[in-house]
Amino acid sequence: MQARPPRVLIYSHDTFGLGHLRRCRVIAQALVAHRPDITILIVAGSPVVGSFSFPPQVDFIRVPGVVKLGADTYAPSNPGLTLEDLTEIRSAVIKKTAEIFNPDIFIVDKEPLGMRGEVEESLQLLRRNGARLVLGLRDIMDEPSRLVEEWTRKDAFAAIENLYDDIWIYGLPQICDPLAGIGVSEAVRRKAVFTGYLHRADEPSGALPERIRLGEKPYVLVTTGGGGDGAMLVDWVLRAYESDTGIGVRAKIVLGPFMDAALQTDFKRRAAKLDAVDAITFAASIEPLFENAVGVVAMGGYNTFCEILSFDKPAVVVPRSQPRLEQQIRASQAEALGLLRMLPDDRFEDAAAMAAAIRALPTQARPKSAAIDGILGGLETICALTDGYIAAGRGSGSRGGAWSGKTRPLLPRTGTG
């Protein structure tokens with residue numbers, strides 16, 4: 001009997017913003033382009049997952065969504081459900097999907113046990129079935145002491161020690177090592193691979209709203225990612241253009257689908273009064289806007305950073321510092337390496353500082369001038385690793401010690417990892 005084509009299941013908890021979903025999507029696209037025999041299913045909680053296009057070999061299942069209230073505080077999107085009911089529903093859908101789909105590889109994005117532990121049962125099931133279990137981590141999770149507290153509370157240390165076969169770190173140690181300073185064991189260290197950042201390519205088929213069509217005039221792209229925490233950046237850029245009519249380059253602002261509706265309305269009203277500014281809510285294919293921009297003004301999220309590198313655009317980054325220090329650490333390290341310029345948010349009241357930064361973008365150094373080897377090799381590395389897993393067959397993972405029930409051994413909280 002002919003062997004079944006390989007299957008990959010990807011989990012994206014998507015409690016806030018677009019970052020997790022977009023990272024999973026670009027990995028899925030790269031894998032099916034590399035080997036068309038793969039079938040990929042993405043389990044996601046994002047309400048906008050249906051707005052994105054996927055290749056024929058990639059499909060998705062959307063689980064009921066949540067609203068993020070704080071760093072680790074959530075509420076159901078549907079007010080008729082309790083958070084406990086919602087978590088139980090999501091966990092059951094994920095487990096049944098894993099059972100029926102029966103993937104050869106299961107990739108979990110960022111959260112070792114998922115939101116509120118919702119993928120633990122699926123991980124244990126697939127482990128028994130011989131699937132390769134992979135935890136994918138962005139380059140920077142948080143400041144180490146905060147991450148230790150969070151992962152201890154969530155029992156994540158035991159998961160990465162005993163459940164996962166591999167840890168893919170989507171970055172380079174020159175910028176950050178997310179496992180440093182949190183006390184992980186050498187066994188966990190041996191599971192980890194720095195893949196490099198995930199290259200993004202232009203998607204010429206992606207439709208753009210008429211209001212923000214590319215046109216012929218030079219422009220800077222202003223992007224807030226999902227937009228839920230991007231109001232400060234947009235306001236700062238608008239004040240720059242309102243106070244300085246001589247900046248000399250247009251701005252195209254993508255507010256983000258998760259920005260507060262009242263703020264979106266106000267920002268669009270202000271932008272409409274400015275001849276040099278266009279504003280839209282969302283572009284599912286933002287790549288053409290990156291490709292044609294002379295520079296970028298953005299927050300310091302992972303996906304935006306990958307796009308800045310991929311399209312080699314001069315960038316001014318205004319990182320957030322709450323609820324995590326992730327963006328601030330990434331921007332600071334990237335600036336030290338000559339990849340971008342950081343504008344601290346403590347200068348928020350200074351509209352002239354933003355105007356000057358935008359005006360300088362067209363002549364600012366591009367990221368490639370820093371000449372960092374392998375910085376965008378992430379997708380190639382992931383495809384090669386996947387080939388190796390498939391060639392080795394099911395049950396070829398590293399397989400740590402047994403773990404069952406609610407007794408979860410925690411790793412020491414000391415050490416540098």
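The values are calculated or read from the model by the stated rules, or taken from the named source; none is laboratory data. All of these numbers come straight from a predicted model, not from anything done at the bench. Ideal geometry is used to build each Cβ from the backbone, glycine not excepted, and the neighbour counts take in all protein chains shown. With ligands, DNA and RNA removed, areas are computed over all heavy atoms of the protein, side chains included. Shrake-Rupley method; radii C 1.70, N 1.55, O 1.52, S 1.80 Å.
Points to keep in mind about this one:
- Built amide H within the under 5 Å cut-off of LEU325, gap 5+: GLU143
- Split the accessible area of the chain by element, probe 1.4 Å, and carbon with sulfur accounts for 53%.
- Share antiparallel - DSSP beta bridges, the chain, percent rounded to 5: 5 percent
- The chain - mean residue ellipticity at 222 nm from DSSP helices (-39,500 (n - 2.57) per run, n ≥ 4, rounded to 500): -10500 deg cm²/dmol
- Loop sites in region 296-366: GluC sites (Glu not before Pro), DSSP, at most 14 other Cβ within 10 Å: GLU349
- Cα centroid separation, region 252-307 to region 149-194: 34 Å.
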